[in-house]
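S.K.: Okay, here's the structure, questions in a sec.
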């Protein structure tokens, strides 16, 4: 438990890195690193995690830390896009909105009827702040790859919150969440491929020009 809060603070800091960086490869690396950090969380939250929990840790670190980043880097290279040039909200504004969301997450988590063991942990505030950062990425970024990264960031927050219910939720449900996530990234990879073939830019704004 003594390493849990520092780990969560680091995961929270990664949200600001993701929101404030224009280089897509750096964002991919940051989201992958956060995914690996979150993969360790079950070992710190639950003293007796069991074989099911250990399997979840291994699968999470493998999928979030290696499989998804590899797919996104390949898509980035195929599309020949390396930077987010003109987001809907600027990078400084995105970081500011992320900070406001993190502060509100701290306040909101205090009002929740949490178990006594989880009351003083940063687990819930970090989960809400990460979901908010993911939503910001989805809303404010124009490049399809960055929107996929926002989706991954949002799922990281949901995964983090689910750690409170690890003992109550069946392992198959946890694996199902990862499979749904994989399906989402796979579909977005197909969309990225078709956008890059149809348009000279990877901006999703061009999708409004599509007609039957």
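The values are calculated or read from the model by the stated rules, or taken from the named source; none is laboratory data. Owing to the predicted nature of the structure, the values given are computational and were not obtained by experimental measurement. Every residue, glycine among them, receives a Cβ derived from its backbone with ideal geometry; neighbour counts consider all protein chains shown.
S.K.: What do you reckon, is residue 81 crowded, with 20+ Cβ neighbours inside 10 Å, at negative phi and part of a helix (DSSP H, G or I)?
M.R.: Considered against the rule, which asks whether it is crowded, with 20+ Cβ neighbours inside 10 Å, at negative phi and part of a helix (DSSP H, G or I), residue 81 comes out as no.
S.K.: Quick test for you: out of 17, 27, pick the one residue that is within 23 Å of residue 148 (Cβ to Cβ) and surrounded by 19 or more Cβ atoms within 10 Å (Cβ to Cβ).
M.R.: Of 17, 27, the one residue that is within 23 Å of residue 148 (Cβ to Cβ) and surrounded by 19 or more Cβ atoms within 10 Å (Cβ to Cβ) is 27.
S.K.: May I ask you to list the residues in the stretch 18-27 that are assigned to a helix (DSSP H, G or I) and within 12 Å of residue 137 (Cβ to Cβ)?
M.R.: Within the stretch 18-27, 18, 19, 20, 24, 27 qualify.
S.K.: Further question: Of all residues in the stretch 1-17, count the ones that are part of a helix (DSSP H, G or I) and farther than 16 Å from residue 138 by Cα.
M.R.: 11
S.K.: Does at least one position in the stretch 65-72 carry a residue that is outside any helix (DSSP H, G or I) and either surrounded by 21 or more Cβ atoms within 10 Å (Cβ to Cβ) or without any contact (Cβ under 8 Å) to a residue 24 or more places away in the chain (or both)?
M.R.: no
S.K.: Criterion first (exposed (fewer than 15 other Cβ atoms within 10 Å of the Cβ) and closer than 24 Å to residue 135 by Cα) does residue 76 satisfy it?
M.R.: no
S.K.: Do the conditions hold for residue 137, that is, is it at pLDDT 90 or above, touching a helix residue (DSSP H, G or I) at 6+ places or on another chain (Cβ under 8 Å), part of a helix (DSSP H, G or I) and loosely packed, with under 15 Cβ neighbours inside 10 Å?
M.R.: So residue 137 does not fit the description; no.
S.K.: Looking at the stretch 145-154, which of the residues that are more than 15 Å from residue 20 (Cα to Cα) and surrounded by fewer than 24 Cβ atoms within 10 Å (Cβ to Cβ) is farthest from the chain's Cα centre (by Cα)?
M.R.: Per the criteria, the residue is 151.
S.K.: Can you tell me how many residues within the stretch 155-166 are under 16 Å from residue 5 (Cα atoms) and either under 9 Å from the mean Cα position of the chain (by Cα) or surrounded by fewer than 20 Cβ atoms within 10 Å (Cβ to Cβ) (or both)?
M.R.: Qualifying residue count for the region: 3.
S.K.: Might you check whether a residue that is part of a helix (DSSP H, G or I), out of contact with any helix residue (DSSP H, G or I) (no Cβ under 8 Å at 6 or more places or on another chain) and either buried (at least 21 other Cβ atoms within 10 Å of the Cβ) or without any contact (Cβ under 8 Å) to a residue 60 or more places away in the chain (or both) occurs anywhere in the stretch 112-134?
M.R.: Among the residues of the stretch 112-134, at least one is part of a helix (DSSP H, G or I), out of contact with any helix residue (DSSP H, G or I) (no Cβ under 8 Å at 6 or more places or on another chain) and either buried (at least 21 other Cβ atoms within 10 Å of the Cβ) or without any contact (Cβ under 8 Å) to a residue 60 or more places away in the chain (or both), which makes the answer yes.
S.K.: In this structure, does residue 148 turn out to be out of contact with any helix residue (DSSP H, G or I) (no Cβ under 7 Å at 6 or more places or on another chain) and either modelled with pLDDT of 90 or more or within 21 Å of residue 71 (Cβ to Cβ) (or both)?
M.R.: no
S.K.: Right, next: Among (1) surrounded by 21 or more Cβ atoms within 10 Å (Cβ to Cβ); (2) free of Cβ contacts under 8 Å to residues at least 12 places away in the same chain, which single condition is residue 38 missing?
M.R.: Checking residue 38 against (1) surrounded by 21 or more Cβ atoms within 10 Å (Cβ to Cβ); (2) free of Cβ contacts under 8 Å to residues at least 12 places away in the same chain, the one that fails is (2).
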